[in-house]
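Asks: I have a structure I would like to understand better, so I am pasting it below and will then ask my questions one at a time.
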Amino acid sequence: MRRDPETPVHLERDRIEVDGTAVAAEQRVYLMLNKPRGVVTTASDEKGRETVYSLLGESLPWVAPVGRLDKASEGLLLLSNDSQWAARITDPDSHLDKTYHVQVSTLADETLMGKLIQGVLNDGELLRAKRARVLRSGEKNAWLEIVLDEGKNRQIRRICKELEVEILRLIRVEIGPLVLGQLAKGKFRALTAAEIAAMDRAAKISRNHAGMFGKE
């Protein structure tokens with residue numbers, strides 16, 4: 001029996017005990033949550049606002065958000081206790097596509113789509129969409145699909161503010177190969193093994209592509 005805390009161990013064959021109790025590796029958890037509007041992506045909030053953790057219940061091990069959605073935004077949010085996986089997914093070099101459906105308080109046309117893709121300068125940063133298209137239009141507003149492959153803070157809101165376009169709703173519907181689908185608002189589910197593997201492949205392919213051709 002060794003008591004030196006710096007002794008190297010092999011988790012597959014060594015037994016680790018604390019006060020006679022065996023220590024096991026925590027089960028890895030990967031979740032998809034449909035975040036409602038008005039809920040904040042933090043563990044606790046000094047203003048007493050509802051957080052995403054109130055939607056998860058108490059039976060799950062601790063998980064952390066993989067990326068963020070601001071209070072007013074809705075849709076697909078990932079949570080996991082696998083910090084290495086989370087780091088790969090959120091690494092700026094991964095350039096994973098993130099797709100949003102955005103309702104704006106104006107009619108949209110190809111000129112606006114062009115401006116979204118061309119980008120704007122905000123606080124010294126060039127902010128732009130990778131792709132943008134009109135999903136549908138009403139009499140006074142429109143729904144847009146905007147795809148980003150960068151992780152800049154509040155990117156769509158900052159672009160639209162510069163273009164003097166008011167956002168009514170902003171919903172993230174896809175991250176890489178993961179699709180929000182029919183998951184009800186405020187509900188969560190575990191990712192399947194196939195979905196986790198697909199995310200790993202997508203992050204690796206995107207990262208390799210960025211390395212070959214350079215960042216935008």
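Asks: Given R₀ = 30 Å, what would the calculated FRET efficiency be for Arg28 paired with Lys130, taking r from the Cβ atoms and rounding to 0.05?
Replies: 0.50
Asks: While we're here: What per residue convex hull volume, in Å³, comes out for segment 97-175 when only alpha-carbon positions are used?
Replies: Per residue, the Cα convex hull of segment 97-175 comes to 77 Å³.
Asks: Using the Cα centre of segment 62-216 as the reference point, and only Cβ charges (+1 on K/R, -1 on D/E), how large is the resulting charge dipole? Debye, rounded to the nearest 20.
Replies: Numbers: 25 positive and 21 negative charges, 61 e Å.
For this selection, approximately 300 debye.
Asks: Taking 7 Å along the Cα-to-C-beta vector as the label spot, tell me the Arg201-Val147 distance in nanometres, rounded to one decimal.
Replies: The modelled label-to-label distance comes out at 1.8 nm.
Asks: For segment 36-166, build the charge dipole from Cβ charges (+1 Lys, Arg; -1 Asp, Glu) around the Cα centre, then report which of Leu144, Thr90, Thr111 sits farthest towards its positive end.
Replies: My answer, from the dipole projection, is Thr111.
Asks: If you place +1 on the Cβ of every Lys and Arg, -1 on the Cβ of every Asp and Glu, and leave all else neutral, what size is the dipole of segment 97-175 about its Cα centre, to the nearest 20 Debye?
Replies: 180
Asks: Take each of the peptides 188-197, 41-50, 139-148, average the number of other beta-carbon atoms within 10 Å over its residues, and list them starting from the highest.
Replies: Details: 188-197: 13.5, 41-50: 11.1, 139-148: 16.9.
Highest mean packing first, the order is 139-148, 188-197, 41-50.
Asks: Tabulate in residue order the Karplus-calculated ³J(HN,Hα) for segment 152-169, using 6.51 cos²θ - 1.76 cosθ + 1.60 with θ = phi - 60°, rounded to whole Hz; enter x for Gly and Pro.
Replies: With the stated coefficients, segment 152-169 comes to 6, 4, 6, 4, 5, 5, 5, 4, 5, 4, 5, 8, 6, 10, 7, 8, 8, 9 Hz.
Asks: Give the cross-link partners of Lys185 among the lysines, using a straight C-alpha distance below 28 Å as the criterion and excluding same-chain residues fewer than 8 apart.
Replies: In chain and number order, the partners are Lys35, Lys47, Lys71, Lys98, Lys130, Lys140, Lys152, Lys161.
Asks: What length, rounded to one decimal in nm, is gained on full extension from Thr192 through to Thr90, with 0.36 nm per residue of separation minus their alpha-carbon distance? Intermediate values should be presented prior to the final figure.
Replies: Working: separation 102, 0.36 × 102 = 36.72 nm, distance 1.93 nm.
The span from Thr192 to Thr90 would gain 34.8 nm if fully extended.
Quick note: the coordinates plus some simple rules give every number you see, no bench work behind them. All figures in this text were calculated on a predicted structure; none of them were measured in a lab. Positions of Cβ are backbone-derived with ideal geometry, glycine not excepted, and every protein chain shown enters the neighbour counts.
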